[in-house]
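Novice: Below you'll find the structure I mean.
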Amino acid sequence: MSTAETTAAQTTAAGPSADPKSRWLVVVGGQTAEPDRDLVGGKAWSLWRMASLGLTVPPAFVVTTDACKAFFDGGKTLPDGMAQELRVGIAGLEATLGRTFGGTHQPLLVSVRSGAAVSMPGMMDTILNLGFTDDVERALAEETGSAQFAAEVNRRFHAFYGQLVLGCADDLDSHDCADAVRAAIVGETGRDVPQDPWQQLESAVASVFESSRTRRAIAYRTHHGIPQDLGTAVTIQAMVFGNLDDDSGTGVLFSRNPLSGEREAYGEYLPRGQGEDVVSGRVTPEPLARLADRAPDVHRELLAAAERLDAHGRDAQDIEFTVQQGTLYMLQSRPAKRTARAAVRIAVELVDEEVITPREALRRVTPEQVTTLLRPVVDPASITAATLLGAGTSACPGVASGLAVATPEEAEQIPNSILVRKNTSPEDVHGMIAAAGVVTETGGATSHAAVVSRALDTPCVVGYPGAVADLVGKIVTVDAVTGKVYSGELPTVSVDESEDTDLQRLIGWAREYSPVDVIRGDAPEPVFDAESPADVDPDAVPDIPAGTVSVRGAVFGRRDALRAALDAGVRTVVADRALPVLLAAIALQEERR
């Protein structure tokens with residue numbers, strides 16, 4: 001690409017300052033003040049943060065969440081003045097890069113990316129390479145010296161646009177050229193991809209807004225307790241190309257291991273790929289060490305950036321990046337989705353590093369994560385006689401047994417089923433939420449299946465070749481600790497929190513701050529026993545008599561029952577596992593302040 005583009009991106013310029021009369025747009029980066037995250041969304045906010053740290057970020061501007069609200073309030077039409085403001089935003093990118101949107105010389109292509117204020121990885125739409133026309137393909141081929149590259153970018157754009165904007169259900173990625181993609185789109189929808197780049201842009205923004213209210217996004221927000229009226233911002237950013245040549249590629253890097261929590265860089269790299277190739281799981285990328293072998297200077301720069309972002313964010317980071325012709329571009333950094341094991345390890349290590357206090361560490365680990373961490377594991381004694389069906393890569397540790405099914409709808413209908421797919425997409429999320437475990441044939445530890453499973457704390461194995469044919473219709477056990485899948489339901493053994501050093505440290509800190517003590521064995525009198533009396537409803541909030549000193553029963557693992565115990569003045573809870581109760585009690589105490 002041109003020297004002008006490379007220089008502009010390296011200096012993290014973001015175009016001219018936003019017009020003070022602008023109602024719907026905010027320019028990202030440069031020397032502007034920190035934007036309101038609720039207004040610009042997490043993705044654009046992370047671009048501002050990376051640019052402010054001096055990292056190389058392609059210039060961008062963002063359509064705000066206010067515009068998204070106005071879009072839906074106005075009957076799903078772009079609000080007044082937005083079309084003109086989009087032209088102002090694009091003009092800023094053109095001036096910064098010396099390129100022209102839809103131009104026949106040094107054309108500007110952009111990505112149109114969703115970004116809610118609360119991270120919802122993979123739930124909403126992103127459209128890459130937008131601004132393509134037949135004239136742009138010729139100009140891009142001339143500039144790069146590669147007609148093949150220009151044709152591939154064209155094909156990818158049309159596939160994105162046809163699927164996400166025009167709603168084509170055909171497997172558009174199976175077609176080998178843009179003309180074939182367009183023919184498939186017209187054949188199914190009766191509509192063609194417009195040749196006007198401005199029409200493309202306006203329709204893409206509207207499409208991304210609408211993706212915030214799809215079934216998958218609603219299911220994700222419901223599961224995680226996120227407000228349904230959150231909406232999304234839309235970040236419009238100059239494209240950089242990981243698929244340009246042998247010195248280009250794309251990848252995902254975690255500043256700490258999202259599986260174990262260890263203080264080590266963990267990631268994957270795909271030479272000659274675009275970011276969507278990695279996160280979709282359609283292609284299984286290579287270990288990050290491949291980048292170190294191919295471009296050691298870029299690899300060192302990337303690790304240094306990850307360290308800086310980790311320190312600035314005071315937490316493990318999930319970082320998306322692209323390398324174009326040997327230049328590293330940072331595209332996103334956000335707190336990493338992590339397993340329960342990693343959440344505990346990271347919290348403890350950050351205390352040891354004097355980054356956070358013990359009290360803050362307790363806020364970063366939930367009772368549910370501890371309960372997940374203490375789930376049973378496959379009984380080692382059963383492995384010898386078990387039938388191994390196959391293996392892949394552990395993407396989220398845990399153990400699950402059940403009937404292997406091939407569709408998310410079956411996973412919703414059949415309790416404790418195992419969802420088995422070639423790869424997962426946002427359209428599978430409702431099934432992933434319902435399933436006891438997930439297995440995919442392709443993809444790596446940073447794929448859609450892996451990231452969403454970690455967010456759900458669902459056992460997941462990725463990269464198991466032939467999994468659909470091997471497993472569907474059988475009762476299987478997914479041992480996502482080892483990445484192996486066995487025939488039948490294997491026995492499990494329990495895990496004791498007293499055997500885990502990290503949990504013991506959290507317990508020690510939690511006892512200092514908790515309003516109740518948690519013990520095993522006999523409880524101080526008088527005790528309210530929710531396990532013995534026949535008249536105790538396990539689903540109701542218990543009515544605890546005044547003067548009760550201690551309580552016992554599984555019901556007090558629920559927040560509402562524990563709140564009732566605290567309100568009654570109870571100071572001791574009898575439970576087999578201390579930490580989940582201690583953490584819940586601390587959280588309830590802080591809610592009252």
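The values are calculated or read from the model by the stated rules, or taken from the named source; none is laboratory data. Small disclaimer: the values here were computed from a predicted structure and weren't measured. Every residue, glycine as well, gets a Cβ built from its backbone with ideal geometry; the counts of neighbours run over all protein chains shown.
Novice: Restricting to the stretch 463-482, name every residue that is within 19 Å of Val451 (Cα to Cα) and surrounded by fewer than 20 Cβ atoms within 10 Å (Cβ to Cβ).
Specialist: Val481, Thr482
Novice: Something else now. Tell me yes or no: at least one residue of the stretch 134-150 is buried (at least 17 other Cβ atoms within 10 Å of the Cβ), within 21 Å of Val278 (Cα to Cα) and not β-branched (Val, Ile, Thr).
Specialist: Yes - at least one qualifying residue is present in the stretch 134-150.
Novice: Shifting gears a bit: Output the residues belonging to the stretch 350-371 that are at pLDDT 95 or above, of a type in the set (D, E, K, R) and either within 27 Å of Thr458 (Cβ to Cβ) or assigned to a helix (DSSP H, G or I) (or both).
Specialist: Those that are at pLDDT 95 or above, of a type in the set (D, E, K, R) and either within 27 Å of Thr458 (Cβ to Cβ) or assigned to a helix (DSSP H, G or I) (or both): Asp352, Arg359, Glu360, Arg363, Arg364.
Novice: Every residue in the stretch 159-178 that is surrounded by 22 or more Cβ atoms within 10 Å (Cβ to Cβ) and either in the same structural domain as Thr104 (by TED's automatic domain parsing) or not in a helix (DSSP H, G or I) (or both), please.
Specialist: If the condition is that a residue be surrounded by 22 or more Cβ atoms within 10 Å (Cβ to Cβ) and either in the same structural domain as Thr104 (by TED's automatic domain parsing) or not in a helix (DSSP H, G or I) (or both), then Val165, Cys168 are the ones that fit.
Novice: Could we say that Glu360 is under 21 Å from the mean Cα position of the chain (by Cα) and among the acidic types (Asp, Glu) here? Write out each step before concluding.
Specialist: Working: under 21 Å from the mean Cα position of the chain (by Cα): no; among the acidic types (Asp, Glu): yes.
Here the answer is no, as Glu360 does not meet what is asked.
Novice: Shifting gears a bit: What are the residues in the stretch 75-90 that are free of Cβ contacts under 8 Å to residues at least 60 places away in the same chain and over 30 Å from the mean Cα position of the chain (by Cα), if any?
Specialist: Once the filter is applied, which keeps residues that are free of Cβ contacts under 8 Å to residues at least 60 places away in the same chain and over 30 Å from the mean Cα position of the chain (by Cα), the stretch 75-90 yields Asp80, Gly81, Gln84.
Novice: Continuing with this model, one more query. With in a loop (DSSP other than H, G, I, E, B) and under 25 Å from Gly102 (Cβ atoms) as the only criterion, which of Val181, Val193, Val208 stands out?
Specialist: Working: Val181 fails: in a loop (DSSP other than H, G, I, E, B); Val208 fails: in a loop (DSSP other than H, G, I, E, B).
Result: Val193 is the single residue among Val181, Val193, Val208 that is in a loop (DSSP other than H, G, I, E, B) and under 25 Å from Gly102 (Cβ atoms).
Novice: From the residues in the stretch 1-48 that are charged (D, E, K, R) and surrounded by fewer than 21 Cβ atoms within 10 Å (Cβ to Cβ), which one is modelled with the lowest pLDDT?
Specialist: Asp19
Novice: In the list Ala386, Ala391, Ala381, which residue meets the criterion of being surrounded by fewer than 18 Cβ atoms within 10 Å (Cβ to Cβ), touching a Leu at 6+ places or on another chain (Cβ under 8 Å), in the same structural domain as Met432 (by TED's automatic domain parsing) and of a type in the set (A, V, I, L, M, F, W, C)? Step through it out loud before you land on a result.
Specialist: Details: Ala391 fails: touching a Leu at 6+ places or on another chain (Cβ under 8 Å); Ala381 fails: touching a Leu at 6+ places or on another chain (Cβ under 8 Å).
Checking each option against the conditions leaves just Ala386.
Novice: Could you check the stretch 94-146 and list, in sequence order, the residues that are of a type in the set (S, T, N, Q), free of Cβ contacts under 8 Å to residues at least 60 places away in the same chain and touching a Pro at 6+ places or on another chain (Cβ under 7 Å)? Break it down into steps so the answer makes sense when it comes.
Specialist: Start the filter on the stretch 94-146 by keeping residues that are of a type in the set (S, T, N, Q), which leaves 96, 100, 104, 106, 111, 114, 119, 126, 129, 133, 144, 146.
Pick out the ones that are also free of Cβ contacts under 8 Å to residues at least 60 places away in the same chain and you get 100, 104.
Hit for the stretch 94-146 is Thr100, nothing else.
Novice: Have a look at Ala305, Ala316 and point out the one that is within 17 Å of the chain's Cα centre (by Cα) and not assigned by TED's automatic domain parsing to the domain that holds Ala116. Don't jump to the end; show me each part of the working.
Specialist: Values: Ala305 fails: within 17 Å of the chain's Cα centre (by Cα).
Result of the check over Ala305, Ala316: Ala316.
Novice: I've got another one for you. Mind listing whichever residues of the stretch 313-349 are among the hydroxyl-bearing types (Ser, Thr, Tyr) and either under 12 Å from Arg256 (Cβ atoms) or outside any strand (DSSP E or B) (or both)? Step through it out loud before you land on a result.
Specialist: Of all residues in the stretch 313-349, those among the hydroxyl-bearing types (Ser, Thr, Tyr) come to 322, 327, 329, 333, 339.
Hit for the stretch 313-349 is Thr339, nothing else.
Novice: Going by the structure shown, is Val208 under 23 Å from His158 (Cβ atoms), buried (at least 22 other Cβ atoms within 10 Å of the Cβ) and not assigned by TED's automatic domain parsing to the domain that holds Asp428? So that I can check it myself, show each step before the final result.
Specialist: On the way: under 23 Å from His158 (Cβ atoms): yes; buried (at least 22 other Cβ atoms within 10 Å of the Cβ): yes; not assigned by TED's automatic domain parsing to the domain that holds Asp428: yes.
The answer is yes for Val208.
Novice: Let me ask something else. It is to be established whether one or more residues within the stretch 442-458 are in contact (Cβ under 8 Å) with a residue 40 or more places away in the chain, part of a loop (DSSP other than H, G, I, E, B) and acidic (Asp, Glu).
Specialist: The answer is yes, given that some residue of the stretch 442-458 is in contact (Cβ under 8 Å) with a residue 40 or more places away in the chain, part of a loop (DSSP other than H, G, I, E, B) and acidic (Asp, Glu).
Novice: Right, something else. If a residue must be within 15 Å of the chain's Cα centre (by Cα), in a loop (DSSP other than H, G, I, E, B) and within 21 Å of Thr327 (Cβ to Cβ), how many such residues does the stretch 256-299 contain?
Specialist: So the answer is 0.
Novice: Within the stretch 70-101, restricting attention to residues that are surrounded by fewer than 21 Cβ atoms within 10 Å (Cβ to Cβ) and of a type in the set (Gly, Ala, Ser), which residue is nearest to Val205 (Cα to Cα)?
Specialist: Ala83
Novice: List, please: which pairs have Cβ atoms under 8 Å, are six or more places apart or on different chains, and start with a residue in the stretch 218-232 that is outside the structural domain of Thr65 (by TED's automatic domain parsing) and end with one that is assigned to a helix (DSSP H, G or I)?
Specialist: Correct list of pairs: empty, since none qualify.
Novice: Do we have any residue at all in the stretch 349-363 that's under 13 Å from Leu579 (Cβ atoms), out of contact with any strand residue (DSSP E or B) (no Cβ under 6 Å at 6 or more places or on another chain) and not charged (D, E, K, R)?
Specialist: Yes, the stretch 349-363 contains a residue that is under 13 Å from Leu579 (Cβ atoms), out of contact with any strand residue (DSSP E or B) (no Cβ under 6 Å at 6 or more places or on another chain) and not charged (D, E, K, R).
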